[in-house]
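Taking it in order: structure first as structure tokens, then the write-up.
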Amino acid sequence: MEISKPILNIEEQIAYLKSKGVRFEIMNEEDAKEYLSFHNNYFKLTAYRKNYNKHPDGEKKGQYINMDFAYLVDIAVIDMHLRYEIVHMALNIEHFVKLQLLRKVVEFNEDGYQIIQDYIDQLSDTQRERFDGEIARNKGNIYCGDIIDKYEGKYPIWALIEIISFGRLVSLYGFCAERFNDKEMNDNYFRLLTCKEIRNASAHSNCILNDLRAESSTHRTNGSVTTELMRIAGMKPNFRKNRMSNARIQQIVTFLYMHDKLITSEGVRSAVREELGKVLIRMYKNIDYYQDNLQIRNTFDFLKIVIDNWIIKV
């Protein structure tokens, strides 16, 4: 069992970072204290240390190689901007998934009430209990509680999709994909499961760029995503494979793929192009910080290539 550690005050936090080889040259100690007090907490900021190697031996053994406090601040800001845009784009994906579901119900001449009853009936006892709990928590909600009251458990699909979470929507999408025997929907379902992970991490303000090591993914990249990556001019196979072996980058790129494939509104796509363009500008604002850190630099370059080709389409 890990021994509990006492909370460090700001001065102790700075001292500990210095003992680990972190410099305070670009951002001095006083500015760093102000930052840790009012802008970001120590635990979250120092999560980005995973992207840096330590001296393996010698008098600096265990200290980080070429790390300034300002580097951590910079990537934390980039991470924030990327998370905010992912949440925005996830709302787009959610909206267009709902539209696709309703189109499919019409296309297959489904009864909008019966398909939801059949979905509920196939849930296990545990799954049904979880579903009922989700509905119950929204019953008093001022935005969707009236829908629950109106249908009293007999929901048509066009009503249910307005009161369920993104995760539940993905579950319903998977059920419909199997019901309609629709291969494209089924492929989308598995990609949407990946989208759900990065969407939830971003919505809960989890760090997403704090561990960019290769070989951290536990499963292969979706075949359609890989094929699309291979079509990008100048994308070197080893560069692609190395970056996509990172679980976080794999999720982000799958998410970008799904946004490109699902969103049909040019107005929405244009807005996302503009905002992701701003994220890229911020990403490269202090790119000289990472000239000696290929792990970070290559990740930024890879994301830029994908965003330029799939979203901005330069």
Criterion violated by residue 14 - all others in (1) free of Cβ contacts under 8 Å to residues at least 24 places away in the same chain; (2) surrounded by fewer than 17 Cβ atoms within 10 Å (Cβ to Cβ) satisfied: (2)
Subset of the range 240-261 that is among the hydroxyl-bearing types (Ser, Thr, Tyr) and under 14 Å from the mean Cα position of the chain (by Cα) - its residue that is farthest from residue 207 (Cα to Cα): 257
Residue list for the range 108-147, restricted to those being among the charged types (D, E, K, R) and assigned to a loop (DSSP other than H, G, I, E, B): 110, 111, 139
Test result for residue 233, farther than 30 Å from residue 65 by Cβ and either out of contact with any helix residue (DSSP H, G or I) (no Cβ under 6 Å at 6 or more places or on another chain) or of a type in the set (S, T, N, Q) (or both): yes
Matching residues, the range 148-202, being touching a Gly at 6+ places or on another chain (Cβ under 6 Å) and part of a loop (DSSP other than H, G, I, E, B): 156
Of residues in the range 107-126 being of a type in the set (D, E, K, R) and within 18 Å of residue 153 (Cβ to Cβ), the one farthest from the chain's Cα centre (by Cα): 111
In the range 193-223, the residues that are surrounded by 14 or more Cβ atoms within 10 Å (Cβ to Cβ) and among the β-branched types (Val, Ile, Thr): 194, 198, 208, 221
Some residue of the range 144-161 being exposed (fewer than 13 other Cβ atoms within 10 Å of the Cβ) and under 27 Å from residue 268 (Cβ atoms): no
Residue in the range 30-46 that is over 31 Å from the mean Cα position of the chain (by Cα) and surrounded by fewer than 16 Cβ atoms within 10 Å (Cβ to Cβ) present: yes
Among the residues listed as 30, 85, the single one being of a type in the set (D, E, K, R), in contact with a helix residue (DSSP H, G or I) (Cβ under 7 Å, 6 or more places away or on another chain) and either outside the structural domain of residue 198 (by TED's automatic domain parsing) or within 29 Å of residue 307 (Cα to Cα) (or both): 85
Where a residue in the range 86-107 is of a type in the set (Phe, Trp, Tyr) and its partner, wherever it lies, is in a helix (DSSP H, G or I), with Cβ under 6 Å and at least six apart: 96/262
Any hit, the range 124-140, residues being assigned by TED's automatic domain parsing to the domain that holds residue 293 and under 30 Å from residue 302 (Cα atoms): no
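Okay, residues lined up against (1) among the polar types (S, T, N, Q); (2) assigned to a helix (DSSP H, G or I); (3) out of contact with any strand residue (DSSP E or B) (no Cβ under 8 Å at 6 or more places or on another chain):
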position: 14; (1), (2), (3): no, yes, yes
position: 33; (1), (2), (3): no, yes, yes
position: 36; (1), (2), (3): no, yes, yes
position: 62; (1), (2), (3): no, no, no
position: 81; (1), (2), (3): no, yes, yes
position: 92; (1), (2), (3): yes, yes, yes
Of the criteria (1) buried (at least 18 other Cβ atoms within 10 Å of the Cβ); (2) in the same structural domain as residue 168 (by TED's automatic domain parsing); (3) free of Cβ contacts under 8 Å to residues at least 60 places away in the same chain; (4) of a type in the set (A, V, I, L, M), which one residue 78 fails: (3)
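The values are calculated or read from the model by the stated rules, or taken from the named source; none is laboratory data. As the structure is a computational prediction, the values presented were derived from the model and not from experiment. Every residue, glycine among them, receives a Cβ derived from its backbone with ideal geometry; neighbour counts consider all protein chains shown.
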